[in-house]
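K.L.:
Would you mind keeping the following structure in view while I ask a few things?
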Amino acid sequence: MANKGKKKARSKKRVTQQHQSSNDFDECKYYANLGCHIANVARCRVEAMKKHPWLLGIEPFEPNDYDSEDIAHIPEVAMNDGEEDEYGDCEMSLTLTNIKDTTSILFVTVYEVDLGGADGKTLTSGWTYTTTAKNTTTQRKCTTFIVLCPPQTFVHLVTLVPNQTIGSDTERIPITSWSQIEIESDVQQWSFHPNVKDEHPHLLHFPFHGNEEEAVNEDQATKSYQCSQSENGNLTHFFHGNYHAIDFACPIGTPLYSAINGVVVEVKDDGGGGQNQNNTTSTNEECDEIIEVSGIAAMNLFHWNSIMIQSTDVETSDPLFLEYVHIQTNSCAVKVGDSVERGQFLCRSGSVGFSPEPHLHMAAYRSNGVDAATVRVKFQRINNDDTRESGLDSADAPSFLPRVGQWCNHNGLVEANSEGK
């Protein structure tokens, strides 16, 4: 690799199997259609090439293959511009590297170009959006990769589709180097959950169902919502701060209700912005400050809207905090210190922050500390009408836990015949 340091001569084979397993709900395929391409190599290293057929290859990092002075200069995102063949073409490829002794999570976003996989297909791109204080919204094409990379590993990711150009509508120039392409990344050490079986006994009210006084219309009771990511999810629910979270796909502006009796302890619904167009914090009123971000850009991971409520129905020795994330900007009907009841209107759903599609992200914790780990909580079933047996939850059980791909309402798991759209 051009930017990985000078590698000593040694022949190697790349794994290039191109088979893909299928499930009733293929979470990786679901998010790939939204421009987010997932490669959980650390979870299934042996089967990774079968599960992710677009990957170019996986290669172990072996320090003896490199001159010692070069190892310190190996980048986490290595860009290979390739060498021209006799026809003047070259293959430009992208590799993610982890030369550490710990597993890394890499979020990488590539803007405004088409990328190709080992299966010969062009990967689906998605979008990211920024809205400024001058009420200007910018939409940008991008492709994002979420890679759980094991220690001492190179993940050969994708190639640049050839014969692309870059520039304005009136002046386009050929792309011959990765230096012409905007790429952003965030790399973190994977923080696994200390107790994945941790479960709080308190049951939650379904967040899309208001009480009688809060009911918006008669259709509310029959609407169901699909769980687009559940615990230990492939997109973002595989580390300690998100492990037990539940995501529900729902249109922007969907009313959200309190799942517990409690007190509001945190509110953030200013759009998750606070950056200027150069992505630096600014208080200059003349600057066109970004006030809201949405979509799949890696940097959106650091901006979001949310409400957090502390339950007043549990013992102080067994606290429970519940967070609603990605909510619509300026939609909160409550403020810090307010008491709320189950079924009381809180805010509206949105798509603020790192959000491939509009959805509600719900997560429960035993504390509101910045580095708190999640805890599993189940939803209370109001009655048994229109429920069905599915997975671990039976229709006559008092509670249910949504799994990815399943549809739910306040009665529990239901058939997907009454979408919340």
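K.L.:
Does the range 307-314 contain any residue that is open to solvent by 50 Å² or more (accessible area, probe 1.4 Å) and among the hydroxyl-bearing types (Ser, Thr, Tyr)? Please lay out each step first, then the result.
P.N.:
In the first step, residues of the range 307-314 are kept if they are open to solvent by 50 Å² or more (accessible area, probe 1.4 Å); the result is 310, 312-313.
This time we only want the ones that are among the hydroxyl-bearing types (Ser, Thr, Tyr), so: 312.
Within the range 307-314, one or more residues are open to solvent by 50 Å² or more (accessible area, probe 1.4 Å) and among the hydroxyl-bearing types (Ser, Thr, Tyr).
K.L.:
Further question on the same structure: Can you name the condition, by its number, that Val77 falls short on among (1) surrounded by fewer than 21 Cβ atoms within 10 Å (Cβ to Cβ); (2) farther than 20 Å from Asn40 by Cβ; (3) among the β-branched types (Val, Ile, Thr)?
P.N.:
(2)
K.L.:
I've got another one for you. Just one of (1) within 26 Å of Ala48 (Cβ to Cβ); (2) of a type in the set (A, V, I, L, M); (3) buried (at least 18 other Cβ atoms within 10 Å of the Cβ); (4) more than 25 Å from the chain's Cα centre (by Cα) trips up Ile175, so point out which.
P.N.:
That leaves (1) as the condition not met.
K.L.:
Quick one: count up the residues across the range 231-245 that are polar (S, T, N, Q) and surrounded by fewer than 19 Cβ atoms within 10 Å (Cβ to Cβ).
P.N.:
Just the residues of the range 231-245 that are polar (S, T, N, Q), to begin with: 232, 234, 236, 242.
With the extra rule that they be surrounded by fewer than 19 Cβ atoms within 10 Å (Cβ to Cβ), the set shrinks to 232.
Residues flagged as polar (S, T, N, Q) and surrounded by fewer than 19 Cβ atoms within 10 Å (Cβ to Cβ) within the range 231-245 amount to 1.
K.L.:
Here's something else I'd like to know. Could you please give the count of residues in the range 55-70 that are open to solvent by 30 Å² or more (accessible area, probe 1.4 Å) and within 24 Å of Thr144 (Cα to Cα)?
P.N.:
Here the count works out to 1.
K.L.:
Does any residue of the range 114-126 turn out to be aliphatic (A, V, I, L, M), under 22 Å from Leu301 (Cα atoms), under 21 Å from the mean Cα position of the chain (by Cα) and not in a loop (DSSP other than H, G, I, E, B)?
P.N.:
Checking the range 114-126: not a single residue is aliphatic (A, V, I, L, M), under 22 Å from Leu301 (Cα atoms), under 21 Å from the mean Cα position of the chain (by Cα) and not in a loop (DSSP other than H, G, I, E, B).
K.L.:
Could you count how many residues in the range 304-321 are under 19 Å from the mean Cα position of the chain (by Cα) and either of a type in the set (A, V, I, L, M) or closer than 17 Å to Val377 by Cα (or both)? Don't jump to the end; show me each part of the working.
P.N.:
Pass one, the range 304-321, residues under 19 Å from the mean Cα position of the chain (by Cα): 304-307.
Those left that are additionally either of a type in the set (A, V, I, L, M) or closer than 17 Å to Val377 by Cα (or both): 307.
Going through the range 304-321 one residue at a time, the tally reaches 1.
K.L.:
For the list (1) at pLDDT 95 or above; (2) among the hydrophobic types (A, V, I, L, M, F, W, C); (3) outside any strand (DSSP E or B), I need the number of the one condition that Cys287 fails.
P.N.:
Every listed condition holds for Cys287 apart from (1).
The values are calculated or read from the model by the stated rules, or taken from the named source; none is laboratory data. This one's a predicted model, so the numbers in the text were calculated from it and none came from an experiment. Positions of Cβ are backbone-derived with ideal geometry, glycine not excepted, and every protein chain shown enters the neighbour counts. Side chains are part of the model used for accessible areas, which takes the heavy atoms of the whole protein and leaves out ligands, DNA and RNA. Shrake-Rupley method; radii C 1.70, N 1.55, O 1.52, S 1.80 Å.
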